[in-house]
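Here the structure is laid out as structure tokens; the discussion comes afterwards.
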Amino acid sequence: MPDPTSELPAVILEALSPTSQRRILNRRGSAVWDVETGTGRYAVKLGYPIAQTSEWPAQPWTALAPGREGAVFQRLDVDGIAYGEWELGTWNIQPWHEGPDLYALWEPCRAKDSTIEPYASVALSCAQSLARLHAQGWAHGDVQPAHFVIGPDDTHLIDLALAHGQPLPPGYDFPYRGCLVHYEAPEISRSILERGVAEPTPAADVYALGASLFISATGWRAVEYPDDASRTEQRCAIVNGAHRPVNMASRLGALIEHMLSYDADGRPRIDEVVLALS
């Protein structure tokens, strides 16, 4: 069967008139294109449903994710946003952000016998980008290292398809069923295990930022479980176990320890994280 995301749909070609186009990702219900035009550079996302396999159930919500993200961006008054539907789901167009993600940027810190410590200024820029989102009344719901793009002038928090905070078009909305489990707060994992859904919160975002900083600096997941553990097993480990020791001597280590507090009320608010790193 031909790959339907191997070419941009006509609706995107008509909207952008690309001078160059390159698909950079196609996995788990989402394809992302890097598109250059006469007026600028854009990221284009195409969503499509995930078929059932022996490893996971069918996930139709992935087809709606780009349209939902586009609606979130418009609620946030982000310029250069468009979204709509194509034959397999929804799409969005958003400005391209150049730069490495957090995990890639801190790779030298993870090298064997490295004496390079994570820059607090980078952690601060990530916290500030999350703080801006929280200040506008939103929780991100999918904070992870890959979603912080460290640009030359600013850090951009991307992938807002799971963000919650204001009403969205019903046709594009869907229940929140968690995110990449490595970064789920215990209360999120518990809710998913017990009810199948959860509610993203700023406190859960702070936990996820702490877990993102920890894995980017050390290469270790915040909570230990086997690499081949199922998502249910991963969530049980997060709910029932303690996180790994944060053996980082810098002030960043003490802050991450605080951000990974099991109790949501025991974590710092994102503005307190920003203040601690400033």
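The values are calculated or read from the model by the stated rules, or taken from the named source; none is laboratory data. Bear in mind the structure is a predicted one, so any value in this text is a computation, not a measurement. Cβ coordinates were reconstructed from backbone atoms using ideal geometry, including for glycine residues, and neighbour counts include every protein chain displayed.
Miscellaneous remarks
- Candidates are the residues of the stretch 102-119 that are assigned to a loop (DSSP other than H, G, I, E, B) and in contact (Cβ under 8 Å) with a residue 24 or more places away in the chain; the one that is nearest to Leu277 (Cα to Cα) is Pro118.
- Reported count of residues in the stretch 250-267, each being free of Cβ contacts under 8 Å to residues at least 60 places away in the same chain and exposed (fewer than 14 other Cβ atoms within 10 Å of the Cβ), is 3.
- Number of the condition not met by Ala198 [criteria: (1) under 19 Å from Gln144 (Cα atoms); (2) modelled with pLDDT of 95 or more; (3) not in a loop (DSSP other than H, G, I, E, B)]: (3)
- Residue within the stretch 229-238 that is surrounded by 16 or more Cβ atoms within 10 Å (Cβ to Cβ), in contact (Cβ under 8 Å) with a residue 12 or more places away in the chain and under 24 Å from Leu252 (Cβ atoms) present: yes
- Of all the residues in the stretch 16-55, those that are in contact with a helix residue (DSSP H, G or I) (Cβ under 8 Å, 6 or more places away or on another chain), of a type in the set (Ser, Thr, Tyr) and farther than 13 Å from Trp91 by Cα number 1.
Every residue, every condition in (1) touching a residue at least 12 places away in the same chain (Cβ under 8 Å); (2) aliphatic (A, V, I, L, M); (3) in contact with a Leu (Cβ under 7 Å, 6 or more places away or on another chain), yes or no:
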position	(1), (2), (3)
Thr39	no, no, no
Ala43	yes, yes, no
Gly47	yes, no, yes
Ala51	no, yes, no
Ala65	yes, yes, no
Ala71	yes, yes, yes
Glu85	yes, no, no
Trp96	yes, no, no
Pro100	yes, no, no
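Yes/no per residue for (1) buried (at least 20 other Cβ atoms within 10 Å of the Cβ); (2) more than 28 Å from His134 (Cβ to Cβ); (3) outside the structural domain of Leu209 (by TED's automatic domain parsing):
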{"position": "Asp34", "(1), (2), (3)": "no, yes, yes"}
{"position": "Leu46", "(1), (2), (3)": "yes, yes, yes"}
{"position": "Arg68", "(1), (2), (3)": "yes, no, yes"}
{"position": "Asp79", "(1), (2), (3)": "no, no, yes"}
{"position": "Gly89", "(1), (2), (3)": "yes, yes, yes"}
{"position": "Arg110", "(1), (2), (3)": "no, yes, no"}
{"position": "Asp113", "(1), (2), (3)": "no, yes, no"}
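- Restricted to strands (runs of 3 or more DSSP E) entirely inside the stretch 28-94, those with at least 3 residues that are modelled with pLDDT of 95 or more, closer than 12 Å to Thr5 by Cβ and under 20 Å from the mean Cα position of the chain (by Cα) are 30-36, 41-47.
- From the list Leu213, Leu275, Leu180, Leu193, the one residue that fits, being of a type outside the set (Val, Ile, Thr) and touching a residue at least 60 places away in the same chain (Cβ under 8 Å), is Leu213.
- Residue list for the stretch 120-161, filter: farther than 21 Å from Leu260 by Cα and in a loop (DSSP other than H, G, I, E, B): Gln136, Gly137, Gly151, Pro152, Asp153, Asp154, Ile158, Asp159, Leu160, Ala161
- Test set (1) within 25 Å of Ala127 (Cβ to Cβ); (2) outside any helix (DSSP H, G or I) - Leu255 fails condition number: (2)
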